[in-house]
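What follows is one structure encoded as C-alpha cells, with my remarks underneath.
What follows draws every value from the coordinates through simple rules; no lab data is involved. Just so you know, these numbers come straight off a predicted model, no measurement behind them. Positions of Cβ are backbone-derived with ideal geometry, glycine not excepted, and every protein chain shown enters the neighbour counts.
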Amino acid sequence: MKLNSVCTLAFCAALSLSAAPCGALDVLCIYYPEWHVYPEGEAIFGKGRTEWDYVDSAIPRFEGHEQPLLLLAGHPDDSNPSDVSKEIDLAADAGVDAFVYDWYWADGHPIQHEALERGFLQAPNRRRIKFALMWANHNRADVFRTAPGRCNDRFWWRLKYDREEFLAAVDYCIVHYFAQPEYYRKDGKTFFSIYSAHELVKGLGGADAARKVFAEAQERMAKAGLPPLHFSAMVRDAATAARMAAAGFESVSAYNITPYEFDDSKVVEETGERRQLFTHEEFADLHATFNSKVAAGSPVPFIPVVSRGWDPSPRCRLDEPFPWRTLWYPYLGIIRDLSPEAFARSVGIVRRQAETDPKKPGAILVNAWNEYTEGCYLMPDVKNGDAYLRALRRALGAKGRQKGQSR
C-alpha cells in the first residue's frame, strides 16, 4: 500500500514553522529493513509473507495496551522507492540526518539488502538524507511466536566471526555503498557501525588481531579511493566500550534502551518477581542514567541513544498469558502509557547529553524509524498521527529541510 499522501502533505505543511536548529549534532535513526518480501524472509514467514503479519495480528495484553498498531501508510514496502521517498521526506522534515540501516550479511552474501538497494538508493529524493550501515552481525534466531526460551535452540542463520567473512563484507560495501554520495561520514570518515562488536573482536582473535584486520580494511578503502572507515561499536556498558576501543573502534553507541536497564533489584527482593510494566515517564528518566553511565566510563565518544518505546509483544505467542511466566526475548517488560510528550522529553535529555559531553560525540541515535514489532517507530499511525515526528522535531529544535534540499 502506498503512503497516505494526505497525511504526508499535512505533516510537511505543519513543519513549515521555524524553530531553533539543533546545532552541530547529527541525528541518526535506526532503519529496520524487514518490510518487504525477500528469499530468506519467505523461509521464515512463508511464501509472499512478511513481518507485517505479526504487526497486524498482535493483540492487547493488558488494559490500555496499544496493540495492534495501524499505520496511516498501511503497509509501506521498504524496497519500493516510491514508498521510501515519502519516508525520506517525513524523516528529513523532522530533522533526521541519516538512516542507519540494519544490514545483514551471512555466509558470504547480503540479506534483506533489497530495502536499501532497491528502495532507498532508487528513491528520487535520496539526496535529502544520508544513510549508513550498522552490520547486524548476530545469529538470526527464531523469535516469532515461539514459546518462551524456544529461540535458544533454533536459528535461521549463524554468523562467522573470522577475517575472511569480515573483509568480504567490507569489499561488498565498498562496491555497493561506501562510494555513494549520500553515505554518512563522521568527521570525514566513512561511518560503519557493528552490532555484535564484541563477538567480532573475539572471533578475530582479540584486540590486537582485530586492529590488524581493521587495518586491512582501511587499505582496501584507500585502494578504492574512499575515506577511511570510522568503526563504531554497539555496547551496553562502559567495560565493553573500553574493550572495543582497545580493538580500534573510534566511537560506541547502544542500539536501544529497554526495560533491561531498569534496576528492579528492590522489586525482586520484595516480591520475588521482576516488574513487567513500566511507564513512559519512567522510561524517559532512564535515558539520563543509562547514557550517562556508559559515556562516563567509555574512553571513546559514546553516541547517546533515545528509544521511542519498547514492546516486542507482537512477536510473542497469542495464547501466552501476560504477565509472562518466563522473561526471555521477546517475552520482556513493556513500556505503557506511551505519549509523544514523554518521547520529546527523552530526546531533550539525550540531546543535552551529547551537547555537554566533553568527548563530543557529535550525534545522537534514535531507535527507531520503523521497528514496529518492538514498539519503536516514528511513522505516523492512526492513534497518534504525526505526533511523534512533531515531538522529535520540537525536542531537536530542527527546522526541517525543504523538499529537494540535500544534506
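Towards the positive end of the charge dipole of region 174-294, with charges on Cβ (+1 Lys, Arg; -1 Asp, Glu), say which of Asn291, Val201, Ala254 has the farthest Cα.
Val201
So how far apart, in nm, are the two label points at Ile44 and Arg154 if each is 7 Å from Cα heading toward Cβ?
Result for the modelled spin labels: 1.4 nm.
Quote to one decimal, in nm, the extra length available between Lys383 and Asn139 on full extension: 0.36 nm per residue of separation minus the C-alpha distance between them.
Length difference between fully extended and current span is 84.4 nm.
Sequence gap at least 6, Cα distance under 8 Å: using those rules, report the relative contact order of the chain to the nearest whole percent.
Once divided by the residue count of the chain, the mean separation gives 22 percent.
Using amide H atoms built 1.01 Å from N in the peptide plane, name the residues 5+ places from Arg336, or on other chains, whose amide H lies under 5 Å from its own.
Phe278, Thr279, His280
In the structure displayed, which of Lys202/Lys293; Lys189/Lys360; Lys130/Lys293; Lys160/Lys293; Lys47/Lys160; Lys130/Lys223 lie more than 20 Å apart, Cα to Cα?
Checking Cα-Cα distances, Lys202/Lys293; Lys130/Lys293; Lys160/Lys293; Lys47/Lys160; Lys130/Lys223 exceed 20 Å.
Taking amide H positions as placed in the peptide plane 1.01 Å from N, state which residues far from Ala233 in sequence (5 or more) or on other chains have amide H under 5 Å from it.
Correct list: Ile194, Ser251, Val252, Ser253.
Order by neighbour count: Trp310, Trp324, fewest other Cβ atoms within 10 Å first, most last.
Trp324, Trp310
Per 0.36 nm of contour for each residue apart, how much would the distance between Arg325 and Thr289 grow if the chain were fully extended, relative to their Cα-Cα spacing?
Gain on stretching Arg325 to Thr289: 10.1 nm.
Just to be sure I understand: with springs between alpha-carbon atoms less than 10 Å apart, which residue in Ala209, Ala247, Ala98 has the highest mean-square fluctuation in the Gaussian network model of the chain?
Greatest mean-square fluctuation among the candidates belongs to Ala209.
Picking from Glu40, Glu66, Glu117, which is most flexible by a Gaussian network model of the chain using Cα springs under 10 Å?
Among Glu40, Glu66, Glu117, the largest mean-square fluctuation in the Gaussian network model of the chain belongs to Glu40.
Just round it to a whole percent: the fraction of Cα-Cα distances in region 103-247 exceeding 20 Å.
The proportion of pairs with Cα distances above 20 Å equals 53 percent.
Stick to Cα atoms and the Kirkwood definition of Rh, then tell me Rg/Rh for region 54-180.
Rg/Rh: 1.03.
Report for the chain the percent antiparallel among DSSP-assigned beta bridges with both residues inside it, nearest 5.
Of those bridges, close to 25 percent are antiparallel.
For Arg211 and Lys359, what does the FRET efficiency come to when R0 = 22 Å and r is the distance between their Cβ atoms, rounded to the nearest 0.05?
Computed FRET efficiency for Arg211 and Lys359 comes out at 0.60.
Could you check which residue among Ile257, Ile30, Ile111 shows the biggest mean-square fluctuation in a GNM of the chain with a 10 Å Cα cutoff?
So, out of Ile257, Ile30, Ile111, the one fluctuating most is Ile111.
Express in nm, to one decimal, how much length is gained between Asp171 and Lys223 on full extension, taking 0.36 nm for each residue of separation and deducting their alpha carbon distance.
Gain on stretching Asp171 to Lys223: 17.6 nm.
So, counting K/R as plus one and D/E as minus one, what does the shell of residues with Cβ under 9 Å around Leu28 add up to?
-1
What does the helix-only formula give at 222 nm for the chain: each DSSP H stretch with n ≥ 4 adding -39500 (n - 2.57), the total divided by the residues, and the result rounded to the nearest 500 deg cm²/dmol?
Taken over the chain, the calculation gives -10000 deg cm²/dmol.
Please state the charge dipole magnitude for the chain, taken about the Cα centre, from unit charges on C-beta atoms (+1 on K and R, -1 on D and E), reported in debye and rounded to the nearest 20.
1060 debye
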